[in-house]
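Here the structure is laid out as structure tokens; the discussion comes afterwards.
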Amino acid sequence: MLFFVVETFRGGDPRPVHRRFAERGRLLPEGVLYRGSWIDAANARCFQIVEAPEREALQQWLERWSDLIDFDVIPVVEPAEYWARYTDADAPA
């Protein structure tokens, strides 16, 4: 499964996050794959795509960062997978 993860740096301060990342890396548990990330520098947020067998597999990773980051985890699918569910007649409006 793919997950869109929005990380909001606590207190708007990215420095503690950067320090931990520089020292210890991404800290992903086994079975969770990093796909890519982007930073919203104006609002101290990071947007990531990660892959895992299920949502519960992310829990250890979230706990490792929860003192510095608030998380919003959204399950997502590739567009082709999403649209394959619909015919032209029953596509969402």
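All of the numbers you see were taken from the coordinates with simple rules; none came from a lab. Worth saying up front: this structure is predicted, and the values here are computed from it rather than measured. Every residue, glycine as well, gets a Cβ built from its backbone with ideal geometry; the counts of neighbours run over all protein chains shown.
Under a model in which nothing but the beta-carbon of Lys, Arg (+1) and Asp, Glu (-1) is charged, the chain shows a dipole of about 520 debye around its Cα centre. Think of the chain as having a plus end and a minus end, set by charges on the Cβ of Lys, Arg, Asp and Glu; of Phe21, Ile74, Phe4, Phe21 sits farthest toward the positive end of this dipole. Taking square-rooted eigenvalues a ≥ b ≥ c of the alpha carbon gyration tensor, is segment 1-56 rounded, prolate or oblate, where a/c under 1.5 means rounded and, failing that, a/b exceeding b/c means prolate? It comes out oblate by the Cα gyration axes. If the segment from Phe47 to Val76 were pulled out straight at 0.36 nm per residue, it would be longer than the present Cα-Cα gap by 9.1 nm.
Every helix of 4 or more DSSP H residues in the chain counts as -39500 (n - 2.57), and over all residues that averages to -6000 deg cm²/dmol at 222 nm. Just checking the listed ones, Phe71, Phe21, Phe47: in the Gaussian network model of the chain with Cα springs under 10 Å, the one fluctuating most is Phe21. Under 15 Å from the Cβ of Met1, count the other residues' Cβ atoms, weight Lys and Arg +1, Asp and Glu -1, and hand me the total. Net local charge, Met1 excluded: -3.
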